[in-house]
Amino acid sequence: MLLPGDGIGPEVCQQAKAIIDWMIGERGLDVAVSQHSFGGAAFDEFGDPLPDAVCEAATNADAVLLGAVGGAKWADVPREMRPEAGLLRLRSAMQVYANLRPALVFDPLVDASPLKAELVRGMDIMFVRELTGGVYFGQPRGIETLGDGSQRSVDTAVYTTEEIQRVARYAFEMARSRRKVTSVDKSNVMETGLLWRRVVTDLHAAEYPDVALDHMYADNAAMQLVRNPLQFDIILTDNLFGDVLSDEASMLTGSIGLLPSAALGVPGTTGLFEPIHGSAPDIAGKGIANPIAMILSLGMALRWSLDRPDLADLLFAAVSDTLGEGVRTRDLGGRVSTAEMGAAILARAKGK
């Protein structure tokens with residue numbers, strides 16, 4: 001299921017769709033593809049960023065590919081009807097609580113990073129972010145007017161033992177084929193952080209003593225990501241810190257336009273796959289957006305939801321080869337268009 005969304009979403013989704021069509025026709029990918037309005041586009045059409053029919057279709061799909069949502073056009077829409085609210089509702093409806101965000105540096109792009117090449121060469125970090133709890137979903141929340149006319153805002157951070165355990169299991173299971181887990185929190189000043197550290201520690205001792213685990217405060221993790229990113233392997237953290245830290249790490253790779261994500265729930269249920277970049281309305285329609293994050297999100301869908309890791313590996317290799325041959329969109333200092341980058345990757349996939 002495709003949800004192109006807003007801004008550059010339709011442009012990058014078009015490149016992923018071309019690859020899907022080729023895989024269906026030539027590589028035995030057994031899927032039927034449907035496309036639906038979502039986000040601001042759905043609000044404009046239906047008055048709701050997540051119409052009931054779209055939500056039902058998403059929860060019944062094998063995998064959902066999302067382009068991007070949001071933009072200044074909908075800034076004055078009531079908060080509960082903004083495109084971003086539709087995305088939060090979709091994540092909640094699909095019960096996708098584990099957000100996997102890889103941040104890796106392709107060797108041909110080491111010089112595109114703002115850090116020195118020796119600090120980022122070989123960087124391969126997997127963020128495992130809790131996605132449906134924490135301060136983004138906690139109640140009460142809102143802005144109230146006080147008696148003197150001033151205002152007071154409230155956001156509530158809430159976590160339960162079960163919410164922490166289920167996302168931590170994703171990190172620990174993955175770490176058995178990687179190196180280690182670094183759990184990030186603010187247990188020194190936040191009660192949710194204290195519970196987070198206790199639950200992760202107890203789960204590690206009870207079920208995953210074979211996995212290397214360390215803990216780090218979120219502010220220190222932010223500093224260490226630019227000081228020595230190679231020390232990290234899997235970073236496990238909550239909704240807020242995962243959002244901030246994974247975006248920080250994306251810039252170490254050379255461009256936020258390179259990084260995909262997967263939102264997963266109970267193994268075997270529908271996954272939601274999307275680039276971590278936004279809708280970038282300032283470049284929408286210009287044909288210059290980098291489609292790699294969208295294409296690699298398709299790769300994650302092939303691996304995690306569609307049971308075709310062979311096609312996921314093929315697609316990753318095609319992206320790597322394309323970059324290795326010097327093909328670059330503008331965010332990477334090149335002049336290749338969105339469509340040209342998509343076509344180049346597809347051509348290299350066909351050659352494998």
Could I get the Rg over Rh figure for segment 94-166? Both from C-alpha atoms, Rh via Kirkwood, rounded to two places.
1.24
Simple SL model, points at 7 angstrom along Cα→Cβ for Ser150 and Met223; separation in nm is 3.2
With only Lys, Arg, Asp and Glu charged, each at its Cβ (+1 for the first two, -1 for the last two), find how big the charge dipole of the chain is about the Cα centre; round to the nearest 20 debye.
680
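Counting other beta carbons within 10 Å of each Cβ, put Thr253, Thr145, Thr269 in order, fewest first.
Thr145, Thr269, Thr253
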Report the normalised scattering of the chain as log10 I(q)/I(0) at q = 0.06, 0.08, 0.13 Å⁻¹, calculated by the Debye formula with identical scatterers on the alpha carbons.
-0.21, -0.39, -1.05
Could you work out how far apart the two model spin labels at Ala117 and Asn60 are, taking each label as a point 7 Å from the Cα in the direction of the beta carbon, and quote it in nm?
5.4
Using the per-residue mean of other Cβ atoms lying within 10 Å as a proxy for protection, in what order, highest first, do the peptides 201-208, 234-241, 98-105 fall?
234-241, 98-105, 201-208
Which residues qualify? For His215, with a placed amide H closer than 5 Å and at least 5 residues away or on another chain, they are Ser183
Over all directions, segment 1-112 yields a Cα convex hull whose mean projected area in nm² is 9.1
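Among DSSP bridges having both ends in the chain, what percentage is antiparallel? Round to the nearest 5.
Taking every DSSP beta bridge with both residues in the chain, the antiparallel ones total about 45 percent.
Using Cβ counts within 10 Å as a stand-in for footprinting exposure, how do Glu56, Glu11 rank, fewest first?
Details: Glu56 11, Glu11 25.
Ascending number of Cβ neighbours within 10 Å: Glu56, Glu11.
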Provide Trp196, Trp304, Trp74, Trp22 in ascending order of the number of other Cβ atoms located within 10 Å of each residue's Cβ, fewest first.
Trp22, Trp304, Trp74, Trp196
Say we join alpha carbon atoms closer than 10 Å with springs in a Gaussian network model of the chain; which of Val154, Val69, Val128 then has the biggest fluctuation?
Val154
Using +1 at the C-beta of Lys and Arg and -1 at the C-beta of Asp and Glu, which of Ala284, Gly39, Gly147 has the Cα lying farthest in the positive direction of the dipole of the chain?
Ala284
Computed [θ] at 222 nm, deg cm²/dmol, the chain (DSSP H ≥ 4; -39,500 (n - 2.57); rounded to nearest 500)
-13000 deg cm²/dmol
What whole number of Å gives the distance from the Cα centroid of segment 96-124 to the Cα centroid of segment 200-221?
23
Additional length obtainable on full extension of the chain from Glu248 to Thr161, 0.36 nm per residue less Cα span:
28.6 nm
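Read-outs: derived from the displayed coordinates by stated rules, not from any lab. Note that the structure is a prediction, hence the values are computed from the model and not measured. Note that each Cβ is placed from the backbone with ideal geometry, even for glycine, and that neighbours are counted across all protein chains shown.
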